[in-house]
């Protein structure tokens, strides 16, 4: 009996041993399964639901497009623009799969074979070359629905389980192609390049579908560790990583070894173009769009649920009227003129006392300089930061007198230097500024907008914000427009003699700044406007009165404050470049004023149209009168203050109407240029009126502002891709009864006036 019981006991013990063996083997798997099941139920933290999986939260950049389809810039919290799978280079897809997840198209989000490889090769075997176990889908899950990596081992393990669950759900929700596109759209490639489209443009100035083998491999290689494999800082390391990626492509059959050998020694060949609010085309325009137009539009156009659009996260698409070619030519023209002008300004004025505050100013000059410097201090970022820190005014003033290292602007590039903050304020005041805008008169579409010389260092926009500077003689055509509307002919002759206007029990008698040779002679209106003769302008004003001039100017779209004093005829009002261009465009558009427009439509991230512009037109004068005004203003470039446009430097022979302008003491230089298809305006001057040329030769509008227009139009006409008329202004079909050919009158005086090139008004200080 005892002998028989022993085998039974052994058999029973063996069964128990087997049972415990399987319990030990299966328990971890059962526990893991239970843990995964409980986690999927949300027992260890909330997981994304179906709606969140279908619409994962992404910070999408708002894109600003030019009229010719170029991206002018973006507004973003993250510089991301999503692309679809079909917009990806095949090299990108193959490199990503070969490097990050070779079995991507075979698993369902979690690669069990990969997990076992990690367990036995990496964890138990200690071989770090075994690779990681995270699939592309798991990495996407981590990027979409997790924050930073937890520090504790248990927390990291729980996060990994959540990634498995989310990955499998993503695989059920999306196709493999969609997952790859989502992964590449989400990844941060550094240097403000979030997502593959931004990375392609910033590193190679290409779209993702145009990336070649090496470029694709470099970007995919960054996925392992973008900080380590940063091509800007660690070129050699990044190149090595790129080659590793290409070897993986060879390993998995996506690339032939011979192809790899041909490209492995090639350099990275970056075309690095960082994107920021201070870089690229139309920086001033983009800032105006963001800070003025969009801010107002968003406040007035909420989403259906009542929430406001977020320009930095909602992926809006803004379609503008700006032409990227014309914008580039405008910026080049501003730079070309302003670099030359700055050299002349420094040469002419830098040795004078109180430079750059060398000009005349009514009142105590020293007090004005102190006021300007203090205003500059309070507008600086340094001052604002010190105030936020609770630093007293006394300590701040001391701080601004302490030398500090800084990088400052120069036309030859930024300079690293040491100077006090007060000295830097004075240094920046030495630079002359510029505002330029060009628009299509028939549509009102703004084609180019340059608000200053460098947006990073000078952020004040001199196109529309700059209402605080007088327009000088560029206002005179508004006075003449009143006379033309009343039936006067451009050939009507007026005596060039002093005119006294009585107003509010006062008398106002402007002085001429033109050559004395013209005094007492009979001048046609066309010749007088071309030479900017003040006596004749005052004569026209006296006939109709200041209020009539204000009325017609308002009809032309000017919204700035206009006081009905006689001196208005010489350009005392403060009007922006934006308004002046809009007003002049009515002359080229057959008498119809089009309000300048720079946004045609706005779409949401799905392409739904949220806004479409409606043109605002006002008929100011009939077609015949508008044509006469163009003929009248053509005298400026034919034999007046704008004849430089016909010279060797610019060589413009097309029909151009226009007007120069120079304010008192040469504080502001203006030029308004009108062609059949484009109307442009330019202002040049110092940050403050006290900063200007002391000599009239350099300080007048024809020397300061006109060249910007000249360089711009020369480039426009030379570009065959820009369809712009080189013909004359279109004549009305209706016969014009008044005299337009003033040649016989002008020949009488054409040789009497030598060297005159001034349109400087006087007595601007008088309030009446």
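The values are calculated or read from the model by the stated rules, or taken from the named source; none is laboratory data. Small disclaimer: the values here were computed from a predicted structure and weren't measured. When we count neighbours, we look across all protein chains shown, and the Cβ atoms used for this are built from the backbone with ideal geometry, even at glycine.
Things to note:
- Taking (1) touching a strand residue (DSSP E or B) at 6+ places or on another chain (Cβ under 8 Å); (2) buried (at least 20 other Cβ atoms within 10 Å of the Cβ) in turn, residue 301 satisfies each apart from (2).
- Residue satisfying all of: in region 213-235; in a loop (DSSP other than H, G, I, E, B) and surrounded by 15 or more Cβ atoms within 10 Å (Cβ to Cβ); modelled with the lowest pLDDT among these: 226
- Filter result (closer than 23 Å to residue 651 by Cα, surrounded by fewer than 22 Cβ atoms within 10 Å (Cβ to Cβ) and at pLDDT below 95) within region 691-717: 697, 698
- Filter pass, residue 599 being under 16 Å from residue 289 (Cα atoms) and in contact (Cβ under 8 Å) with a residue 60 or more places away in the chain: yes
- Residue list for region 481-508, filter: under 18 Å from residue 544 (Cβ atoms) and part of a loop (DSSP other than H, G, I, E, B): 486, 487, 488, 489, 490, 492, 499, 500, 504
- Any hit, region 281-303, residues being in contact with a helix residue (DSSP H, G or I) (Cβ under 8 Å, 6 or more places away or on another chain), part of a helix (DSSP H, G or I) and assigned by TED's automatic domain parsing to the domain that holds residue 194: no
- Scanning region 704-743 for residues that are free of Cβ contacts under 8 Å to residues at least 40 places away in the same chain, within 34 Å of the chain's Cα centre (by Cα) and not in a loop (DSSP other than H, G, I, E, B) turns up just one, 718.
- Within the set 417, 500, 524, the sole residue that is loosely packed, with under 15 Cβ neighbours inside 10 Å and either closer than 25 Å to residue 554 by Cβ or touching a strand residue (DSSP E or B) at 6+ places or on another chain (Cβ under 7 Å) (or both) turns out to be 500.
- With respect to the stated conditions, residue 654 fails to be closer than 24 Å to residue 553 by Cβ and part of a loop (DSSP other than H, G, I, E, B).
- Within region 134-188, being modelled with pLDDT of 85 or more and in a loop (DSSP other than H, G, I, E, B) holds for 135, 174, 175, 187.
- Residue-level check: of (1) within 30 Å of residue 434 (Cβ to Cβ); (2) surrounded by 22 or more Cβ atoms within 10 Å (Cβ to Cβ); (3) modelled with pLDDT under 95, residue 479 misses just (3).
- Filter result (touching a residue at least 24 places away in the same chain (Cβ under 8 Å), part of a helix (DSSP H, G or I) and within 15 Å of residue 272 (Cβ to Cβ)) within region 198-212: 198, 201, 202, 203, 204
The rows are residues; the columns are (1) outside any loop (DSSP other than H, G, I, E, B); (2) touching a helix residue (DSSP H, G or I) at 6+ places or on another chain (Cβ under 8 Å); (3) loosely packed, with under 12 Cβ neighbours inside 10 Å.
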site: 310; (1), (2), (3): no, no, no
site: 345; (1), (2), (3): yes, yes, no
site: 373; (1), (2), (3): yes, yes, no
site: 391; (1), (2), (3): no, yes, no
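- Conditions (1) over 30 Å from residue 691 (Cβ atoms); (2) out of contact with any helix residue (DSSP H, G or I) (no Cβ under 9 Å at 6 or more places or on another chain); (3) not in a loop (DSSP other than H, G, I, E, B); number of the one not met by residue 339: (1)
- Among strands (runs of 3 or more DSSP E) entirely within region 554-642, having at least 2 residues that are within 25 Å of the chain's Cα centre (by Cα) singles out 599-603, 609-612.
- Criterion: assigned to a helix (DSSP H, G or I) and modelled with pLDDT under 90 - qualifying residue of 332, 367: 367
- Number of the exception - residue 360 against (1) surrounded by fewer than 19 Cβ atoms within 10 Å (Cβ to Cβ); (2) part of a helix (DSSP H, G or I); (3) touching a residue at least 24 places away in the same chain (Cβ under 8 Å): (2)
- Scanning region 394-412 for residues that are assigned to a loop (DSSP other than H, G, I, E, B) and without any contact (Cβ under 8 Å) to a residue 40 or more places away in the chain, we see that the one that is surrounded by the most Cβ atoms within 10 Å (Cβ to Cβ) is 400.
- Residues of region 420-441 that turn out to be in contact (Cβ under 8 Å) with a residue 24 or more places away in the chain and either surrounded by fewer than 23 Cβ atoms within 10 Å (Cβ to Cβ) or not in a strand (DSSP E or B) (or both), as a count: 12
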